[in-house]
Amino acid sequence: MAGGSTRKISAASARAHTRKAKQKTSFPLPFGMMRNMIALFGIVILALIYRAIMPPPPKICGSSNGPLITAPRVKLSDGRYLAYKENGVPRDQAKHKFVFIHGFDCVRHDVALLTTTSPELMQSLGIYIVSIDRPGYGESDPHPKRTPKTLALDIEELADQLELGSKFYVIGFSMGGQAVWGLLKYIPHRLAGAILLTPVTNYWWGSFPANLTKQAYYEQLVQDQWTLRIAHYFPWLTYWWNTQKLFPSSSVATGSEDILLEQDRVLMPIFDSYQSKYRDLVRQQGEYESIHRDLMIGFGTWEFDPMELENPFHNGEGSVHIWQGDEDGHVPVILQRFIAKKLPWIHYHEMKGGGHMFPWAEGMGDKVMKTFLLGEPFVM
């Protein structure tokens, strides 16, 4: 009996051992393995975020996967190329030589005033205009380190290679008008005069009163407030913000009509029709080094404040003019008025009912050129 009892106990022990062994299979994974799985999951999430915020490389013109080169270009001292287009009278016959700087989401073909300046006036005044593709646009090589200063020096190099002379005029429209401040800062000795057509203002320029910029900033569409806020404070998120589909991004970049006021609703279709012939050229090297780079530079932290500039024409040998409409949904007129008061040496022309696209209004080019070059009164 003692032996049988022993056998029964052994069987029970065996069954208990079997149950314990089965229970062990439901235990959680070892800590080290769980930690590795969490780390792997985190890496996957970071990779997805990185992919969302990092722009693809630009497609450089002339490269194996890039667009063809069709425009004349100059090679700059750092090896980049700057594309250009010549307009008006032949360069060697010109009395007034201009460099034109295009606006946001445009190219060298978008020469504001050119279509509204009569050929007769161009001929009689000897007007020559060379327009450029700003870096990253059209057929000009991108410049990831672009600043207001580098663009000014690019234009100086262009002028030297095209032999425009010791001094030349400059015209800038919209974001290109903003770029003219860089020329007035860094190469004023090369300028014969400057025209700024509704130049974009940066809400973070130091001389603006906080209450004024706050008023102007919050008059924008909410989506544009966020676009500029991100471009200024979180530039590394600019690509993601302007390509994501969760929230509306820049109204300008997406071509929204919500930002257009009365005159612009009439003139924008004219501009669109004109630009439709070469629309594909604008962002052909990629959005990031063209329109996104514009946002980061235009609304980033500048190395100088335009409202602290001194008059580059002390002896009256040249002049600087700003034209601004009071119904411009892109550029707040209240900030332009403040700039004009801070810089009394600037000739400020404000147009009642004028919008952002006013240079495309019939006859506007003739009026601006006659005022700038001949000193005639500007009348709308």
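A few remarks follow.
- Enclosed volume per residue, in Å³, of the convex hull spanned by Cα atoms of the range 142-190: 76
- Ellipsoid semi-axes in whole angstrom, largest first, where each is sqrt(5λ) of the Cα gyration tensor of the chain: 61, 23, 19
- Å² per residue, accessible surface of the range 73-374 at 1.4 Å: 40
- Debye-sum result for the range 174-298 in log10 I(q)/I(0), which assumes one identical scatterer on each alpha carbon, at q = 0.17 Å⁻¹: -1.15
- Note on the range 75-153: semi-axes of the ellipsoid equivalent to its C-alpha gyration tensor, largest first and rounded to whole Å, are 26, 14, 10.
- When the alpha carbon gyration tensor of the range 93-210 is reduced to an equivalent ellipsoid, its three semi-axes come out at 23, 16, 15 angstrom, largest first.
- Solvent-accessible area assigned to carbon and sulfur over the chain amounts to 58 percent, based on a 1.4 Å probe.
- In range of the label at Glu303: residues from the range 145-188 whose backbone nitrogen is under 17 Å from the point 7 Å along Cα→Cβ: 145-157, 179-188
- Cα-based Rg and Dmax for the range 221-380, where Dmax is the largest Cα-Cα distance (Å): 17.9, 55
- Angle between the chain longest axis and helix 175-186 axis [Cα atoms, degrees, rounded to 10]: 70
- Over the chain, DSSP H runs of length four or greater, each weighted -39,500 (n - 2.57), average out per residue to a 222 nm ellipticity of -12000 deg cm²/dmol.
- Counted over all Cα-Cα pairs of the range 283-325, pairs farther apart than 16 Å make up 64 percent.
- The long axis of helix 333-342 is offset from the longest Cα principal axis of the chain by roughly 60 degrees.
- Angle between the chain longest axis and helix 364-374 axis [Cα atoms, degrees, rounded to 10]: 60
The values are calculated or read from the model by the stated rules, or taken from the named source; none is laboratory data. Quantities reported herein were computed from a predicted structural model and do not represent experimental measurements. Neighbour counts run over all protein chains shown; Cβ positions are idealised from the backbone, glycine included. Remember, those area values only see protein heavy atoms, side chains included, never the ligands or the DNA or RNA. Shrake-Rupley method; radii C 1.70, N 1.55, O 1.52, S 1.80 Å.
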